[in-house]
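The next block holds one structure in the form of structure tokens; read it before the comments.
Where a number appears in this text, it was derived from the coordinates with a stated rule and is not lab data. Note that this is a predicted model, so its numbers are computed, not measured. Heads up, the Cβs are rebuilt from the backbone with ideal geometry, glycines too, and the neighbour counts pull from every protein chain shown.
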Amino acid sequence: MSGPAKSKIEIKNVKVYLHKKDPSTNSRIMHIDIESEELNEIIKDKEATYCAGKPDGVFIGLKKKMLERAEKFAGKKEKS
């Protein structure tokens, strides 16, 4: 589902870049960077997961440890 929903928690201050091949940044292939301190609470540095396209966006699947961190993150956001 695209757009807002009661079951969705918005993550603000997310920067998304199409990162071209660039030796000065050690980028060897074109890719998409999604940068967010909040997302790093869920998906830690060097962790890999699954991503797929969906209507109007992208779906990022979470592994077990990531799901546990996402639950804690959601709990914090719902309290604030």
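Only one of (1) free of Cβ contacts under 8 Å to residues at least 60 places away in the same chain; (2) surrounded by 11 or more Cβ atoms within 10 Å (Cβ to Cβ) fails for LYS77. Which number is that?
With respect to (1) free of Cβ contacts under 8 Å to residues at least 60 places away in the same chain; (2) surrounded by 11 or more Cβ atoms within 10 Å (Cβ to Cβ), LYS77 is out only on (1).
Kindly indicate whether any position in the range 6-21 is surrounded by fewer than 10 Cβ atoms within 10 Å (Cβ to Cβ), among the small types (Gly, Ala, Ser), free of Cβ contacts under 8 Å to residues at least 40 places away in the same chain and touching a strand residue (DSSP E or B) at 6+ places or on another chain (Cβ under 8 Å).
Checked against the condition, which is being surrounded by fewer than 10 Cβ atoms within 10 Å (Cβ to Cβ), among the small types (Gly, Ala, Ser), free of Cβ contacts under 8 Å to residues at least 40 places away in the same chain and touching a strand residue (DSSP E or B) at 6+ places or on another chain (Cβ under 8 Å), the range 6-21 yields no hits at all.
Would you point out the residue of the range 35-55, among those that are acidic (Asp, Glu) and part of a loop (DSSP other than H, G, I, E, B), that is nearest to ARG69 (Cα to Cα)?
Ranking the qualifying residues of the range 35-55, first place goes to GLU38.
With the requirement that a residue be over 19 Å from ALA74 (Cβ atoms) and part of a loop (DSSP other than H, G, I, E, B), what does the range 3-34 give you?
LYS20, LYS21, ASN26, ARG28, ILE29, MET30
Looking only at the range 40-73, count how many residues are surrounded by 10 or more Cβ atoms within 10 Å (Cβ to Cβ) and more than 19 Å from SER2 (Cα to Cα).
Total meeting the criteria: 17.
Which one is nearest to PRO4 (Cα to Cα) among residues in the range 26-39 that are surrounded by 10 or more Cβ atoms within 10 Å (Cβ to Cβ) and polar (S, T, N, Q)?
Across the range 26-39, the extreme among qualifying residues is SER36.
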